[in-house]
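Peer 1: Below you'll find the structure I mean.
The values are calculated or read from the model by the stated rules, or taken from the named source; none is laboratory data. These numbers were taken from a predicted model, which means no experiment stands behind them. Cβ placement follows ideal geometry from the backbone for every residue including glycine, while neighbour counts extend to all protein chains displayed. Surface accessibility is based on the protein's heavy atoms, side chains included, excluding ligands, DNA and RNA. Shrake-Rupley method; radii C 1.70, N 1.55, O 1.52, S 1.80 Å.
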Amino acid sequence: MRRLKTLVAGAVAVALLSGCGAGAAGPTPSEPAAGTAATAPSGPPSGETLIVYTNSNGEGRGEWLTQKAAEAGFKIEIVGAGGADATNKLIAEKNNPIADVAFGLNNMYFEQVKAAGAIEPFTPSWSGEVDAAKGDKGATKAYWPLVQQAILLGYNSDKFSKDQAPKDWTDLWTQDRFKSRYERVTGLGTATAQLVFASILTRYKDDAGDLGISDEGWKQIEGYFKNGTPAVAKTDLFARIASGDTDMGQMPSSIIAEREKSFKVNVESVMPSVGVPLAIEQVALVKGTDKKDEALKFIDWFGSADIQGAWAQQFNSMPVNKAAVAKAKPEVVDFFNTLKQQDIDWSFVQANMGSWVEKIELEYMS
Amino acid sequence: MSSGGGSNGAGTRSMLRSPAVLIIGIVLTWFIAAFLVWPNANVLIQTFFPNGSFSGRAAEKLFSSQRAMKSLGNSFLLAVALSITVNVVGIFIVLVTQYFKIRGSRILFLGYATTFIYGGIVLAAGYKFIYGDKGIVTGFLLSLFPGMDPGWFSGFFAVLAVMTFATTTNHMLFVANALKGVDYQTIEAARNMGASTWTVLRRIVLPMLKPTLFAVTVLSFLTGLGALSAPQVLGGREFQTITPMILTFSNSPTSRDLAALLAVILGVATILMLAVMTRLEKGGTYFSVSKVSSGLQKQQIRNPVANAAVHVVAYLLFAVYTLPVVLIVVFSFADGAAIQTGQLSPGSLTLDNYVRVLTQPSGLRPFVISIVYSALAAVIAVGGLLFVARLLQKYRNWVTTAFEYLLHIPWILPSALLALGLILSYDHPSPLVGGAVLTGTTVILLIAFVTVKIPFTLRMLKASFASVNSSLEEAATIMGAKTLYVFRRILLPIVLPAAAAITALNFNSMLDDYDTAIFLAHPLFQPLGLVIKANTDGAEGVDGVSNTFVYTVLLMVITGVTMYLVYGRAGKKPARRAKTGAGGKQGLTPVLAEAARTDPALVP
């Protein structure tokens, strides 16, 4: 803490002495050449071992990436951790970083890491192929988008027809026929749960309200917890749908097809008129790595249309890289084409999510 | 400043006269300062004084939250209830297997020993397969009483029952061991004077077990306070505990002060409990005073009704203990959907789960890394604390009391915060460790593993030293034996069985650690816990749940083998030595073929 303060104070002093009064520079003071984003030098990979932190290594992703990278001449070592754990780890290690690259975390998590000063601005070679609005919205860009995922409200379509199904999250607790028929979370530790609450709460933004949310908004949260059936530890939502315990609940788009098959259920998703929240997995360069050039080369390779396309093909995901979309599975692409993205103010969400989670855990969960 | 007296106590001054004590004192002071006080002080200061000034925000938020207060109350309720129920069940199964003549006591022992090898979420799931709303026993009961509630097994009662049966491990190991030290001649004398089975038990046997019972009671209390998976699986809406909230908050930088405050509240309660138990323990004599003591012989229960009743209860308990394990092993061969819906068809059992887990590219490497780390940490913790525990038990003054309480610091904070403290303190060169940077090295995880195991190790070692007859030591000293010689040749053989048990338990409990490793593991040497997490997380697909079961069974095998190796040897050698040497009766459960696995840390 004290070190950080000294750093900040030092940087401020330097800025003042040099007579530079530009106020909009933002809080990224410690790099000497602030403002210039790093880019990879040309040339082949050196083969130094890169340490890569990710929350997206499950179901064979980590192994697949390690192998593909090795074929391209990169030696990587994947360290897997949940989204929150990976975020905390990156922040905790900022004084003496161990990782060189981090990927898989969504905007919300990387925004925290960026605010703590643990990642560094850079520009990948594929920056022109992605929609910049899906990545870092700040003036200096410290993370870039790779894969997108929709966070959906899914329901058992054998029990509810499209007309009978809820039209939005808020129907679940305002209409009696859905009460006690949907699964509600018992903890807010996961990214999926946090995104669902971001999607609901940001609709009720009110500067005068508690934590930036109107009373009406908090009433929705109260309704959500009062009327849902609590999730059961280590029992998948799909298993509970299959056994008839519940009929609907939150789910990320990528898991639906596989679990429908495993649990022999049919699930459709709700498309609210405001749209659905997207979780967009990003990639970032860890500040202070001593293998910066190699790390940048790796990011250039990993985010390229070729590799992102192969990844999408392999893991049913939806790439952000426009040139990679052609290689993704057509049904996935179709689904995302019909989908309306909810417009969410991520900097507002990032600034408040911690307090929202705290308030919900303390006051509304039961 | 010398306090304490008699043959057991000695003042600070006499303590400092021994060079061995001085050296140990210096090393211990450094270790405590560098790895217990400094990192945790750092993390606490950072959470409670975020901007250099104290923030009372956390207390205000917590005390105005109904849910937090209710969960906290539940945790305390569970802790108190568990301290009683575990003792009742634990003492019963120890007596049934070691003290009374019961038919088939070896089989019973193996059944009760199943808690050694598994725990956590899978154990709770195992009980749910049997007593849950779709469980086997529930189905049977429903056919008898069609009107009953299929969800009967939930809430406080279910959590207490499961946790009681799951945490008798310490009784089976340490209370059973202490029971072997009871002098049979005293029992015989009492019986000749007409004492009943019950009187002998109450007036002679149980009092001798007190130090160990106090120690395991503290552990049960702690287990109850830190309850996590059983309430999550079986607590339902009505009975949720505080640990899940602590874990959520310690993962969120903006709420970490709440997590720390909650953890400190639980920690202070544990220390209070410890103080009460230490007080109760003081002043008693917990070893045989007869000149020629003899080994315990099993007692026949003379009242036939009582005898039959004890047999029935013993075998009922046996069924309760073993059914979940059997089902877990069976379900580990089923697919994830079958596990989660609880529907099993005989044809669906395959080896697929095992093939998938064992043929991962990472292969056996994480197993080896975890075994090496756990073994090193277990041996260092026990080896290092053997002498310390002896000193703390022998010299009772304000210095040793202070040291003892400081050594319990790891019980106060959850392991995630302990890990953060180590990172905060040693991510830059620090004079405390000779100017080295510890983050990113392989040593830092080992340090964390050792520190986390200190309180448990110390408690159990101290309890076992307390039951050593001090006249043995005095006799040796009078004959001119040096301190180290006495320690090595007389004390060590007597406490070795307990030390071996502690080492094995420590080893087992660290094999699948995640909370510490996630922050401290070297990227090139990732232990098993991280791999398990990656393969079992809810978000990782249907296979996740079946992988959890496979890893549980694999860990059962490892811990089973370890315990067999450790116990097989430790059980034989000291028994032999004890006969020729110290004249004690510490031959430990020679039939212990099953293994030990428990989690006395904050999160079971």
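Peer 1: Under 22 Å from the Cα of A:Lys261, which lysines turn up, not counting those fewer than eight places away in the same chain?
Peer 2: Leaving aside lysines fewer than 8 places away in the same chain, those within reach of A:Lys261 are A:Lys159, A:Lys162, A:Lys234, A:Lys329.
Peer 1: Right, next: Using modelled backbone amide H atoms (1.01 Å from N, in-plane), which distant-in-sequence or interchain residues come within less than 5 Å of A:Thr49's amide H?
Peer 2: HN-HN under 5 Å from A:Thr49: empty list.
Peer 1: Sticking with this structure for a sec: Which aspartates and glutamates have a Cα less than 15 Å from the Cα of B:Lys282, not counting those fewer than 8 places away in the same chain?
Peer 2: B:Glu404
Peer 1: In the range A:227-246, which residues give up 50 Å² or more of accessible area once the other protein chains are added, compared with their chain alone (1.4 Å probe)?
Peer 2: Residues of the range A:227-246 that lose at least 50 Å² of accessible area once the other chains are added: A:Ala233, A:Lys234.
Peer 1: When only Cα pairs under 8 Å and 6 or more residues apart are kept, what is the percent relative contact order across the range B:379-521? Show your work: numbers first, answer last.
Peer 2: Numbers: 112 pairs, mean separation 51.5, N = 143.
Relative contact order for the range B:379-521 comes out at 36 percent.
Peer 1: Can you list the trypsin sites (Lys or Arg not before Pro) in the range B:195-281 that are in a DSSP coil and have 11 or fewer other beta carbons within 10 angstrom? Could you put the intermediate results ahead of the total?
Peer 2: Details: sites: B:Arg202, B:Arg203, B:Arg237, B:Arg256, B:Arg279; in loops: B:Arg237.
When the trypsin sites (Lys or Arg not before Pro) of the range B:195-281 are filtered for loop state and at most 11 Cβ neighbours within 10 Å, B:Arg237 remain.
Peer 1: Mean-square fluctuation check for chain A, GNM, Cα pairs under 10 Å: which of A:Met251, A:Met318, A:Met108 is largest?
Peer 2: Highest fluctuation among the options: A:Met251.
Peer 1: With all protein chains present, how much of the accessible area of the range B:111-184 (probe radius 1.4 Å) comes from carbon and sulfur, to the nearest whole percent?
Peer 2: Working: 1660 of 2300 Å².
C and S fraction of accessible area: 72 percent.
Peer 1: If you roll a 1.4 Å probe over the range A:232-366 with all protein chains in place, what percent of the accessible area is carbon or sulfur?
Peer 2: On the way: 2420 of 5020 Å².
The C+S portion of the solvent-accessible surface of the range A:232-366 is 48 percent.
Peer 1: Is chain B rounded, prolate or oblate when judged by the Cα gyration tensor, a ≥ b ≥ c being the square roots of its eigenvalues, rounded requiring a/c under 1.5 and prolate requiring a/b larger than b/c? Kindly include the intermediate steps, with their values, before the conclusion.
Peer 2: On the way: a/c = 1.57, a/b = 1.09, b/c = 1.44.
Cα axes put chain B in the oblate bin.
Peer 1: So who's got an amide H within less than 5 Å of the one on B:Phe100, skipping anything under 5 residues away but keeping other chains? H placed 1.01 Å off N, in plane.
Peer 2: Those qualifying (amide H under 5 Å, at least 5 residues apart or on another chain) are B:Gln299.
Peer 1: Quick check on the protein assembly as shown: of the DSSP beta bridges with both residues there, what percent are antiparallel, nearest 5%?
Peer 2: Values: 25 of 40 bridges.
Given both bridge residues lie in the protein assembly as shown, the antiparallel proportion sits at roughly 60 percent.
Peer 1: Shape call for chain A from the C-alpha gyration tensor, a ≥ b ≥ c root eigenvalues: rounded (a/c under 1.5), prolate (a/b greater than b/c) or oblate? Walk me through the numbers on the way to the answer.
Peer 2: Values: a/c = 2.14, a/b = 1.39, b/c = 1.53.
In terms of gyration-tensor shape, oblate.
Peer 1: Same structure, new question: Got a sec to turn the phi values of the range B:350-356 into Karplus ³J(HN,Hα) couplings, 6.51 cos²θ - 1.76 cosθ + 1.60 with θ = phi - 60°, whole Hz, x for Gly and Pro?
Peer 2: So the Karplus estimates, Gly and Pro as x, are 9, 8, 3, 4, 5, 4, 4 Hz.
Peer 1: Also, quick follow-up: Anything over 24 Å Cα to Cα? Flag those among A:Lys114/A:Lys292; A:Lys68/A:Lys134; A:Lys114/B:Lys533, in the order listed. List each step's numbers first, then the result.
Peer 2: On the way: A:Lys114/A:Lys292 17 Å; A:Lys68/A:Lys134 26 Å; A:Lys114/B:Lys533 26 Å.
From A:Lys114/A:Lys292; A:Lys68/A:Lys134; A:Lys114/B:Lys533, over 24 Å: A:Lys68/A:Lys134; A:Lys114/B:Lys533.
Peer 1: Which value in deg cm²/dmol, rounded to the nearest 500, describes the helix-derived mean residue ellipticity at 222 nm for the protein assembly as shown, given -39,500 (n - 2.57) per DSSP H run of n ≥ 4 and division by the residue count? Provide the component values of the computation, followed by the final result.
Peer 2: Details: 42 runs with 511 residues, N = 970.
Helices in the protein assembly as shown give a 222 nm mean residue ellipticity of -16500 deg cm²/dmol.
Peer 1: If you don't mind, another one. Could you report the protein assembly as shown's accessible area per residue, 1.4 Å probe, as an integer in Å²?
Peer 2: On the way: 39020 Å² over 970 residues.
Heavy-atom SASA per residue in the protein assembly as shown reads 40 Å².
Peer 1: Taking only Cα atoms, what is the 0 to 90° angle, nearest 10, from helix A:305-315's long axis to the longest principal axis of chain A?
Peer 2: Taking the Cα atoms of chain A, the angle to A:305-315 is about 30 degrees.
Peer 1: Okay, moving on. What is the range B:176-314's relative contact order, in percent, from Cα pairs under 8 angstrom and six or more apart in sequence?
Peer 2: Values: 88 pairs, mean separation 54.2, N = 139.
This gives 39 percent for the range B:176-314.
Peer 1: Take the alpha carbon gyration tensor of the range B:301-404, find the square roots of its eigenvalues, order them as a ≥ b ≥ c, and report rounded if a/c is under 1.5; if not, report prolate when a/b exceeds b/c, else oblate. Working shown, then result.
Peer 2: On the way: a/c = 3.87, a/b = 1.26, b/c = 3.07.
The shape class here is oblate.
Peer 1: Note the buried accessible area between A and B here, summed over both chains, with a 1.4 Å probe, in Å² to the nearest 100. Let's see the in-between values first.
Peer 2: Working: alone 16970 and 26220 Å², together 39020 Å².
The summed interface area works out to 4200 Å².
Peer 1: For the range B:404-477, which whole-number percentage of the solvent-accessible area (1.4 Å probe, protein heavy atoms only) is attributable to carbon and sulfur atoms? Spell out each step's value before the answer.
Peer 2: Numbers: 1320 of 1910 Å².
Its accessible area is 69 percent carbon and sulfur atoms.
Peer 1: Cross-link candidates for B:Lys482: which aspartates and glutamates have Cα within less than 13 Å, leaving aside residues fewer than 8 places away along the same chain?
Peer 2: Correct list for B:Lys482: B:Glu473, B:Glu474.
Peer 1: Additional query: Measure off 7 Å from each Cα along the Cα-to-Cβ vector at B:Ile26 and B:Ile136, then give the distance between these two points in nanometres to one decimal.
Peer 2: 6.1
Peer 1: Springs between alpha-carbon atoms under 10 Å, Gaussian network over chain A: tell me which of A:Gln314, A:Gln112, A:Gln194 tops the mean-square fluctuations.
Peer 2: Most flexible of the set in this elastic network: A:Gln314.
Peer 1: Additional query: Kyte-Doolittle cut-off -0.5, length cut-off 24 Å along the helix's own axis using Cα: show which whole DSSP H helices in chain B pass.
Peer 2: Details: long enough: B:66-94 (40 Å, 1.37); B:256-281 (37 Å, 1.66); B:304-331 (41 Å, 2.10); B:365-394 (43 Å, 1.55); B:443-466 (33 Å, 1.70); B:492-510 (26 Å, 1.40); B:543-580 (56 Å, 0.25).
Passing helices, by number: B:66-94, B:256-281, B:304-331, B:365-394, B:443-466, B:492-510, B:543-580.
Peer 1: I would also like to ask the following. Normalising by the residue count of the range A:78-140, find the relative contact order in percent from Cα pairs under 8 Å and 6+ residues apart.
Peer 2: 33
Peer 1: Could you work out the local net charge near A:Leu237, counting Lys and Arg as +1, Asp and Glu as -1, over the other residues with Cβ closer than 9 Å to its Cβ?
Peer 2: Working: positive: A:Arg240, A:Arg259; negative: A:Glu183, A:Asp236.
Cβ neighbours under 9 Å give a net charge of 0.
Peer 1: Based on the Cβ-Cβ distance from B:Phe54 to B:Val268, what FRET efficiency comes out when R0 is 25 Å, to the nearest 0.05? Could the numbers behind the result be given before it?
Peer 2: Numbers: r = 18 Å, r/R0 = 0.71.
Efficiency, rounded to the nearest 0.05: 0.90.
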